[in-house]
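The structure appears below as structure tokens.
The values are calculated or read from the model by the stated rules, or taken from the named source; none is laboratory data. This structure is a prediction, so every number in the text was calculated from the model and none was measured. Backbone-built Cβ (ideal geometry, glycine too); neighbour counts: all protein chains shown. In case anyone asks, the SASA skips ligands and DNA or RNA and just uses the protein heavy atoms, side chains included. Shrake-Rupley method; radii C 1.70, N 1.55, O 1.52, S 1.80 Å.
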Amino acid sequence: MSTKDFVEKDYYKVLGVPKDATEAEIKKAYRKLAREFHPDANKGDASAEARFKEISEANDILGDPKKRKEYDDARALFGNGGFRAGPGGGAGGTFNFDLGDLFGGAQGGAGGAGGFGGGLGDVFGGLFNRGGTTGTRTQPRRGQDIESEVTLSFTEAVDGATVPLRMSSQQPCKACSGTGDKNGTPRVCPTCVGTGQVSRGGSGSFSLTDPCVDCKGRGLIAQDPCDVCHGSGRAKSSRTMQVRIPAGVFDGQRIRLRGKGAPGERGGPAGDLYVVVHVDAHPVFGRKGDNLTVTVPVTFDEAALGGEIRVPTLGGPPVTLKIPAGTPNGRTMRARGKGAVRKDGTRGDLLVTVEVAVPKDLSDKAREALETYREATAGVDPRAELFQAAKGA
Ligand SMILES: [Zn+2]
Ligand SMILES: [Zn+2]
């Protein structure tokens, strides 16, 4: 997560509590939402899962008095309502703001901000373990969570696979400590007066806000853009790692690989890696939970007289299935243990659906036989019941 994210994220809104909510109120709101959006109660619902993650994140911060204070302080400074020029604070709010003074403490300037010892990186990075800061804090920090995606073949998804995953994450630029400014002294964005947001339309309690275009939501503009990050204050780092995707994943599933995110700092644990899995379709097999599906053509006589058919399996030798006499078109049969691997290592089944194939071309002998068959069944009307039922209703 970046500065912008955390400034823009309103954890109070996420939990639906007022800014002055008590600890008990926060706890209560969190429990209620967590129950509602818990992944176990919303299986396969990606939006509920995202919401659940957001709720947990909000609770991590607001549920911890220390983190909550940090969050409130940082938001007051950089987020909504922050940096507003007070009465006589300069027309249009274009005042220079020396972050070095404020946070460095060396000049002892800007009294009252002394709570932020140790550089801008701390304000931005301390809260959510952004990493890559120049701060002086010593507590361990958990690494960042990382999102990635991967496309697997059908077989890889069924069996599980180890795949190379290229991941990029954004961190504060080291050269400028995330300020975007060569000298570490960005000025406050005149457009949004440092809030990083601009209002559009609306009035009263309903005003809509967008991220400020001029400063890209950072609230700060470099006076002398950093050569390394060109003023963005961010650095992209990417790496490739081998990731084990467990057997049995589905298309669109988001899996969490604990501890595979960005490394922690000062002995802190690594973040988690979330991987969204895409699965290619198979020309023959389909998936239904732990079961695989396949449609197999049979001849009319196989269906009518019964017989044994060979059925392909995914990655294994074919199996032989007995078809009972009088099997209707579309009937599904089960080849046990020939499906996808379950979590416990057992396998689902292969669901075999028979489809009666009608020959396009007939040999003379076959035609003769069918004509004889037609004569033999002349008295049978397959649609008699249909018409009876149509009349009855
Ligand atoms: Zn701006
Ligand atoms: Zn930079």
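Selection of first residues in segment 226-252 that are among the aliphatic types (A, V, I, L, M) and of second residues that are more than 16 Å from ligand 2 (Cβ to nearest atom) and open to solvent by 20 Å² or more (accessible area, probe 1.4 Å), restricted to Cβ pairs under 6 Å at least 6 apart or on distinct chains, gives the following pairs, ordered by first then second residue: Ala247/Asp159; Ala247/Val341. Between Phe285, Phe250, the distinction of being among the aromatic types (Phe, Trp, Tyr), away from ligand 1 (no atom under 16 Å from the Cβ), open to solvent by 50 Å² or more (accessible area, probe 1.4 Å) and at pLDDT 85 or above belongs to Phe250 only.
The residues in segment 203-246 that are crowded, with 17+ Cβ neighbours inside 10 Å and closer than 20 Å to Leu152 by Cα can be counted, and the count is 2. State whether the residues of segment 196-204 include one that is modelled with pLDDT of 80 or more and not in a strand (DSSP E or B). Checked against the condition, which is being modelled with pLDDT of 80 or more and not in a strand (DSSP E or B), segment 196-204 yields at least one hit. Just one of (1) under 25 Å from Ser153 (Cα atoms); (2) assigned to a helix (DSSP H, G or I) fails for Thr293. It is (2). Considering only residues that are out of contact with any Gly (no Cβ under 9 Å at 6 or more places or on another chain) and open to solvent by less than 90 Å² (accessible area, probe 1.4 Å), which ones fall in segment 327-361? Once the filter is applied, which keeps residues that are out of contact with any Gly (no Cβ under 9 Å at 6 or more places or on another chain) and open to solvent by less than 90 Å² (accessible area, probe 1.4 Å), segment 327-361 yields Pro328, Gly330, Thr332, Met333, Ala335, Gly345, Val352, Ala357, Pro359. I'm trying to understand the selection: among the residues of segment 288-313, which are without any contact (Cβ under 8 Å) to a residue 60 or more places away in the chain and either at positive phi or open to solvent by less than 40 Å² (accessible area, probe 1.4 Å) (or both)? Selection gives Gly289, Val294, Val296, Val298, Ala303, Gly306, Gly307, Ile309, Val311, Thr313. Checking each residue in segment 279-290 for being of a type in the set (A, V, I, L, M, F, W, C) and not in a strand (DSSP E or B) picks out Ala281, Val284, Phe285. Taking each residue of segment 173-191 that is within 11 Å of ligand 1 (Cβ to nearest atom) and open to solvent by less than 40 Å² (accessible area, probe 1.4 Å) and looking for partners that are in a loop (DSSP other than H, G, I, E, B) and among the charged types (D, E, K, R) with beta-carbon atoms closer than 6 Å, six or more apart or interchain, yields Cys189/Asp214. Can we say Ala58 is among the small types (Gly, Ala, Ser), part of a helix (DSSP H, G or I), surrounded by 16 or more Cβ atoms within 10 Å (Cβ to Cβ) and modelled with pLDDT under 85? The answer is no for Ala58. Entry remark, segment 216-242: residues being outside any strand (DSSP E or B) and either within 13 Å of ligand 2 (Cβ to nearest atom) or touching a strand residue (DSSP E or B) at 6+ places or on another chain (Cβ under 6 Å) (or both) number 13 in total. Could you grab me the full set of residues in segment 300-320 that are part of a strand (DSSP E or B) and out of contact with any Asp or Glu (no Cβ under 7 Å at 6 or more places or on another chain)? The answer is Gly307, Glu308, Arg310, Val311, Val319. None of Thr332, Thr377, Thr372 is under 39 Å from the mean Cα position of the chain (by Cα) and of a type in the set (Ser, Thr, Tyr) except Thr332. In the set (1) modelled with pLDDT of 80 or more; (2) open to solvent by less than 70 Å² (accessible area, probe 1.4 Å), Ala262 fails one condition alone, (1).
To keep it simple, each residue is scored yes or no on (1) in a strand (DSSP E or B); (2) more than 22 Å from Phe154 (Cα to Cα).
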position	(1), (2)
Ala325	no, yes
Lys343	no, no
Glu355	yes, yes
Lys360	no, yes
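If you go through segment 320-378 and keep only what is more than 17 Å from Glu302 (Cβ to Cβ) and touching a residue at least 24 places away in the same chain (Cβ under 8 Å), you end up with Lys338, Gly339, Ala340, Val341, Arg342, Lys343, Arg347, Gly348, Asp349, Leu350, Leu351.
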